[in-house]
Amino acid sequence: MGVQQGLSLTMIKIESLHKSYFRGDTPLPIIRGVDLTIDQGEFVAIMGASGSGKSTLLNIIGCLDKADKGTYHLDGIGVHQTDDDGLAKLRSSLMGFIFQSFNLLSRRDALANVILPLVYQGTPSSQRQALAIAALERVGLADRATHLPNQLSGGQQQRVAIARALVNKPKLLIADEPTGALDSKTGQQVMDLFKELHSEGHTIVMVTHDAHLAQAADRVVHMRDGRIVV
Ligand SMILES: Nc1ncnc2c1ncn2[C@@H]1O[C@H](COP(=O)(O)OP(=O)(O)O)[C@@H](O)[C@H]1O
Ligand SMILES: [Mg+2]
């Protein structure tokens with residue numbers, strides 16, 4: 001359960017969402033009429049076969065991509081009416097992203113990687129280091145702050161990426177197959193960290209194709225051929 005006991009505030013409200021990609025002039029419908037509501041403090045897993053549209057939907061939720069049709073409200077903001085600059089601001093102020101491949105800068109140490117979103121957000125430089133160290137402490141890696149990614153294990157790299165996602169205190173954590181590159185034991189540890197973050201009140205939307213890992217979530221949403229199925 002999230003922090004909003006009894007009182008549920010809507011974080012995400014998506015209605016009749018559609019998205020196509022084009023092959024030449026031919027539209028390929030990928031998201032074909034999705035309705036989805038997620039409350040503040042919820043932990044939702046999105047499951048489905050490869051190619052069913054999970055990442056496309058997650059990228060739209062994360063304001064990395066735009067739908068063609070339909071409405072999307074995030075924390076009351078009409079994302080479908082927001083231009084590209086506005087989407088970039090929403091991403092840096094409201095979201096933390098965690099990807100399968102960690103996406104850390106290989107020549108920067110853990111601390112510099114975690115500081116990066118604060119630079120984009122314009123946090124005063126005097127505050128950045130303390131915030132980044134606190135985020136690394138949260139994931140149990142403060143003692144690895146000066147290590148480069150290739151001096152860390154896969155699980156540690158993903159925890160650095162989680163610290164980077166947390167450092168802005170985002171309203172929403174977005175994770176696409178966050179354990180896909182990890183062995184099952186390390187993947188379970190990352191999932192335990194997600195469960196803790198959820199119990200602290202974070203809203204999490206995670207794509208996974210692992211039914212066992214999806215059990216960490218409050219709710220599992222299944223996709224098939226660009227639609228949510230029951
Ligand atoms: N940028 C793109 N251009 C064209 N087709 C794409 C693009 N991104 C994804 N697709 C296609 O959209 C479908 C759904 O992809 P995706 O959302 O990544 O599925 P999933 O994450 O469920 O595996 C796939 O058939 C994929 O090939
Ligand atoms: Mg995917």
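Simple rule: put +1 on each Lys or Arg Cβ and -1 on each Asp or Glu Cβ in the stretch 165-220, find the dipole, and look at Ala181, Leu197, Ala216; the Cα lying farthest toward the positive end is Leu197. Taking a ≥ b ≥ c as the square roots of the eigenvalues of the alpha-carbon gyration tensor, the stretch 144-208 is classed oblate because a/c is 1.5 or more while a/b is no larger than b/c.
Look at the dipole of the stretch 21-73 built from charges on Cβ: of Ala45, Pro27, Ile60, the Cα furthest out on the positive end belongs to Pro27. When the Gaussian network model of the chain links Cα atoms closer than 10 Å, the mean-square fluctuations of Asp25, Asp68, Asp83 top out at Asp25.
Within the stretch 58-139, the trypsin sites (Lys or Arg not before Pro) that combine a DSSP coil assignment with at most 10 other C-beta atoms in a 10 angstrom radius are Arg107. Basic side chains Lys and Arg get +1 at the Cβ, acidic Asp and Glu get -1 at the Cβ, and with that the dipole of the stretch 123-230 about its Cα centre reaches some 280 debye. Between amide H atoms placed 1.01 Å from N, distances below 5 Å from His147 occur with Ala110, Leu111, all of them 5 or more places distant or on a separate chain.
Distance between the 7 Å Cα→Cβ label points at Arg108 and Arg219: 3.5 nm. Karplus-based coupling profile of the stretch 132-149, in residue order and whole Hz: 5, 5, 4, 5, 5, 4, 4, 9, x, 10, 4, 7, 10, 4, 9, 8, 7, x, with θ = phi - 60° in 6.51 cos²θ - 1.76 cosθ + 1.60 and x standing for Gly or Pro. Computed on the Cα trace of the chain, the radius of gyration divided by the Kirkwood hydrodynamic radius gives Rg/Rh = 0.96. With both partners inside the chain, how many of the DSSP beta bridges are antiparallel, as a percent to the nearest 5? Just about 50 percent of them are antiparallel.
Separation of the stretch 72-86 and the stretch 143-199, taken as the distance between their Cα centroids, equals 27 angstrom.
What net charge do the residues around Val114 carry, taking every other residue with its C-beta under 12 Å from that of Val114, with Lys and Arg at +1 and Asp and Glu at -1? Around Val114, the charge tally is +4.
If the chain linking Asn150 and Asp75 were pulled fully straight, counting 0.36 nm for each residue of separation and taking away their Cα-Cα distance, it would gain 23.3 nm. Summing Cβ point charges (Lys, Arg +1; Asp, Glu -1) relative to the Cα centre of the chain gives a dipole of roughly 280 debye. For Asp85 and His212, a Förster radius of 35 Å and the Cβ-Cβ distance give a FRET efficiency of 0.30, rounded to the nearest 0.05. Per-residue ellipticity at 222 nm for the chain, helices alone: DSSP H runs ≥ 4 residues times -39500 (n - 2.57), over residue total, nearest 500 deg cm²/dmol? Theoretical 222 nm ellipticity from helices: -10500 deg cm²/dmol.
Laboratory data are not the source of any read-out in this text; all were calculated from the coordinates shown. Because the structure is predicted, anything quoted here is derived from the model rather than measured. Note that each Cβ is placed from the backbone with ideal geometry, even for glycine, and that neighbours are counted across all protein chains shown.
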